[in-house]
1. Is there a pair in K82/K112; K39/K92; K56/K95; K70/K95 whose C-alpha atoms are over 20 Å apart, and which pairs would that be?
2. Give me the dipole magnitude in Debye, nearest 20, for the range 45-100 about the Cα centre, with unit charges on the beta carbon: positive for Lys and Arg, negative for Asp and Glu.
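Quick note: the coordinates plus some simple rules give every number you see, no bench work behind them. Here the structure is a predicted model, which is why all the values come from computation and not from measurement. A quick note on method: Cβ atoms are made from the backbone with ideal geometry, for glycine too, and the neighbour counts reach across all protein chains shown.
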Amino acid sequence: MTYWWIHPRWVTLAMVFVALLIALPAQAQSDAASVYKAKCAFCHGADGKGDSAMGKRTGVRDLASPEVVKETDAQLIEVTTKGKNKMPGFEKTLKGSQIKDLVAYIRDLAKKK
């Protein structure tokens, strides 16, 4: 007797679903890196230190600084969405999910220092 849930077609679909679940975080990380490069790196630098020419001119914060690291994800999402001081907000050009992924990417940059 073959159970419907053991049918090869269901097993194949389940394997595809699991593969997608594994690949999605990697895709989000890749997308966040692209967004960071396009929207943030000009001022914050490729590594997030803020030592780019524009970053030095505008006084951006090092994304691995204790002040930034202690901020909650919600606070970083708010700053990225609405902007702060000389930094523009990105609520009109980025989706909420992109901003959330961008904050996760920034956290990863900070860990690499």
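1. Checking Cα-Cα distances, K82/K112; K56/K95; K70/K95 exceed 20 Å.
2. 240 debye
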